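This report refers to the structure that appears directly beneath it.
The values are calculated or read from the model by the stated rules, or taken from the named source; none is laboratory data. Predicted model only: the values in this text are computed from it and were never measured. In this analysis, Cβ positions are derived from the backbone assuming ideal geometry, glycine residues included, and neighbour counts consider all displayed protein chains. Just the protein is used for accessible areas: all its heavy atoms, side chains included, with ligands, DNA and RNA removed. Shrake-Rupley method; radii C 1.70, N 1.55, O 1.52, S 1.80 Å.
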Amino acid sequence: MRYTAEFRNPEVAQKLLESIRAAVAGYAGTMTLMEVCGTHTMAIYQHGIRSLLPESIRLISGPGCPVCVTPVDYVDHAVALARRPGTIIATFGDMVRVPGSSSSLLHEKARGADVRVVYSPLDAVALAQKNAEQAVVFLGVGFETTAPTIAGSIIEAKRRGVGNYFVLGAHKTIPGPMAILADDPELKVDGYLCPAHVSAIIGAEAYEPLARDHQVPCVVTGFEPLDMLQGVAMLARQVVAGEAKVEIQYSRIVKREGNAKARAILYEVFEPCDARWRGIGVIPGSGLGIREAYAAFDAARQLPVVVEKPREHQGCLCGEILKGKVTPKECPLFRTACTPEKPVGACMVSSEGTCAAEYKYGT
Amino acid sequence: MQVVSIDNETAVCEIDGVRREASLMMVDGVGVGDFVLIHAGFAIEKLDEADAQETLRLFRELLDQGVVPE
């Protein structure tokens, strides 16, 4: 038993598809189900799930890729820090190739900047200990799954007395944009497949206001193929019955109350702040800023740099794609001016981006 | 991944022969043999084996009886 292969059984998948077809048999019209998790985006393409579902179910991807929703001025800020003498940039791999207004971290690396890809923010803390003369800046991008790990790294740096570890934070919380998109009349979201790992931290309870106040059914879903099909079946049944409840498909990991210990670590270091989302704009309280008590670890406060004026790329539809209003194929740049080798927008760069997934697995 | 050893707050975890260290700062009561969900070097949740078995039981029922579980 490893709790992976068991959730990929093709015979069970067929049965679950039967149950989905049965659930929507009498349903007139098309229901729009949105997922907001980069791993779901990838899994849907990887397993060809869209092509298996009945025509009355439309599965769309929302703002679930943290790198993609991060606005261009953050990349510009990271580029400016990479140019700062005596600075090492440490980051998850996805950020390196994201285009800024006029450069990228990859471009800066080629020009001699010290940019390192790490697996964990704790690796960046160790890097700071090994390079005591330099400032190590970790790029803190991610939702509620990643934010506690960054908070944990700051707490650990403090414990070890590491004074040259900094975080340039752009963390975001997902329920805010879900509420905004739920009310978007153009989009008409009938149900949410709620993220797997984010929900492990925030708990299924976090979606109760969404279900109650916006009347959108929510199912917290894992991302093995059987998880996703079962999640779709549960959501489709709610839509057909006109219900708006929060259910958990991914019960082996996600609890109603989430992980309180991880949240305590998160909110020890971070506090809610307003945040700007690519494509959506500023959402009050949807970001996480470093608290005053941990200001010594905040790259934005401690390492002032001049950041160029942000400039979005002409013709790039990332913003609309992140809201689920446009599919990658509808973007004029897709596969022509914008490819994984030469990306124009973040959605083509990140391994969790909708355009990258469509490019890799789409037909 | 499955926990193979624990030293203070750090666990060594394994899947398919790949081993990784993970901080246990965010989870309580993890022991050797437990399955944990790892994100960026931290165990962020312990897998609930009883719940996993329950989901798998529903899947088996689906196969055996051809009945859609509610």
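Filter the stretch A:84-124 down to the residues that are more than 25 Å from A:LYS309 (Cβ to Cβ) and touching a Lys or Arg at 6+ places or on another chain (Cβ under 7 Å), then identify the one that is farthest from the other protein chains (Cβ to nearest Cβ).
Within the stretch A:84-124, the match that is farthest from the other protein chains (Cβ to nearest Cβ) is A:ILE88.
Kindly provide the set of residues from the stretch A:129-144 that are free of Cβ contacts under 8 Å to residues at least 60 places away in the same chain and open to solvent by 10 Å² or more (accessible area, probe 1.4 Å), ordered by number.
A:GLN129, A:LYS130, A:ASN131, A:ALA132, A:GLU133, A:GLN134
Under 8 Å between Cβ atoms, which residue pairs at least 6 apart in sequence (or on different chains) link something in the stretch B:46-63 that is more than 7 Å from chain A (Cβ to nearest Cβ) with a partner that is modelled with pLDDT of 90 or more and surrounded by fewer than 14 Cβ atoms within 10 Å (Cβ to Cβ)?
Partner pairs satisfying both residue conditions: B:LYS46/B:GLY29.
Okay, residues lined up against (1) more than 30 Å from A:ALA90 (Cβ to Cβ); (2) acidic (Asp, Glu); (3) at pLDDT below 95:
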site: A:ALA170; (1), (2), (3): no, no, no
site: A:PRO175; (1), (2), (3): no, no, no
site: A:ASP184; (1), (2), (3): yes, yes, yes
site: A:VAL189; (1), (2), (3): yes, no, no
site: A:LEU193; (1), (2), (3): yes, no, no
site: A:GLU208; (1), (2), (3): yes, yes, no
site: A:ASP213; (1), (2), (3): yes, yes, no
site: A:VAL219; (1), (2), (3): yes, no, no
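Quick one: is A:ILE180 away from every other protein chain (no Cβ under 12 Å) and part of a helix (DSSP H, G or I)?
yes
Test of understanding: among B:LEU56, B:LEU63, which residue is surrounded by 15 or more Cβ atoms within 10 Å (Cβ to Cβ) and within 17 Å of A:GLU6 (Cα to Cα)?
After ruling out the rest, the residue left standing is B:LEU56.
Considering only residues that are open to solvent by 10 Å² or more (accessible area, probe 1.4 Å) and among the aliphatic types (A, V, I, L, M), look in the stretch B:39-53 and name the one that is farthest from A:GLY140 (Cα to Cα).
B:ALA50
Taking only pairs six or more apart or across chains, which ones have beta-carbon atoms under 7 Å, a first residue in the stretch B:28-44 that is among the charged types (D, E, K, R), and a second residue that is open to solvent by 20 Å² or more (accessible area, probe 1.4 Å) and in a strand (DSSP E or B)?
B:ASP34/B:LYS46
Checking A:ALA233 against (1) open to solvent by less than 10 Å² (accessible area, probe 1.4 Å); (2) in contact with a Lys or Arg (Cβ under 6 Å, 6 or more places away or on another chain), which test does it fail?
Tallying (1) open to solvent by less than 10 Å² (accessible area, probe 1.4 Å); (2) in contact with a Lys or Arg (Cβ under 6 Å, 6 or more places away or on another chain), A:ALA233 fails exactly one: (2).
Answer yes or no as to whether A:VAL254 is of a type outside the set (D, E, K, R), surrounded by 24 or more Cβ atoms within 10 Å (Cβ to Cβ), closer than 26 Å to A:VAL72 by Cβ and within 14 Å of chain B (Cβ to nearest Cβ).
no
Suppose we filter A:LEU81, A:LEU106, A:LEU33 for residues that are among the aliphatic types (A, V, I, L, M) and without any contact (Cβ under 8 Å) to a residue 24 or more places away in the chain; which single one remains?
A:LEU106
Checking the structure you have, find out if any residue of the stretch A:159-172 is within 24 Å of A:ARG83 (Cβ to Cβ), within 14 Å of chain B (Cβ to nearest Cβ), among the small types (Gly, Ala, Ser) and touching a residue at least 40 places away in the same chain (Cβ under 8 Å).
No: zero hits.
Which residues, taken from the stretch B:13-43, are more than 25 Å from A:ALA264 (Cβ to Cβ) and either assigned to a loop (DSSP other than H, G, I, E, B) or of a type in the set (A, V, I, L, M, F, W, C) (or both)?
Matches in the stretch B:13-43: B:ILE15, B:ASP16, B:GLY17, B:VAL18, B:VAL32, B:GLY33.
Of all the helices (runs of 4 or more DSSP H) wholly in the stretch A:40-122, which have at least 2 residues that are within 22 Å of A:GLY319 (Cβ to Cβ) and of a type outside the set (Asp, Glu)?
A:66-69, A:72-83
The rows are residues; the columns are (1) open to solvent by less than 30 Å² (accessible area, probe 1.4 Å); (2) of a type outside the set (A, V, I, L, M, F, W, C); (3) free of Cβ contacts under 8 Å to residues at least 12 places away in the same chain.
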site	(1), (2), (3)
A:ALA275	yes, no, no
A:GLY281	yes, yes, yes
A:PHE297	yes, no, no
A:ARG301	no, yes, yes
A:ALA357	yes, no, no
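Output the residue which, of all residues in the stretch A:1-37 that are open to solvent by less than 20 Å² (accessible area, probe 1.4 Å) and assigned to a loop (DSSP other than H, G, I, E, B), is nearest to A:ARG252 (Cα to Cα).
Looking at residues that are open to solvent by less than 20 Å² (accessible area, probe 1.4 Å) and assigned to a loop (DSSP other than H, G, I, E, B), I get A:TYR3.
Residues in the stretch A:125-144: is at least one more than 14 Å from chain B (Cβ to nearest Cβ) and under 16 Å from the mean Cα position of the chain (by Cα)?
no
For the stretch A:337-347, enumerate the residues that are touching a residue at least 24 places away in the same chain (Cβ under 8 Å) and buried (at least 24 other Cβ atoms within 10 Å of the Cβ).
Selection gives A:PRO343, A:GLY345, A:ALA346, A:CYS347.
Given A:GLY203, A:GLY191, A:GLY176, A:GLY163, which one is buried (at least 24 other Cβ atoms within 10 Å of the Cβ) and small (Gly, Ala, Ser)?
Criteria check complete, one pass: A:GLY191.
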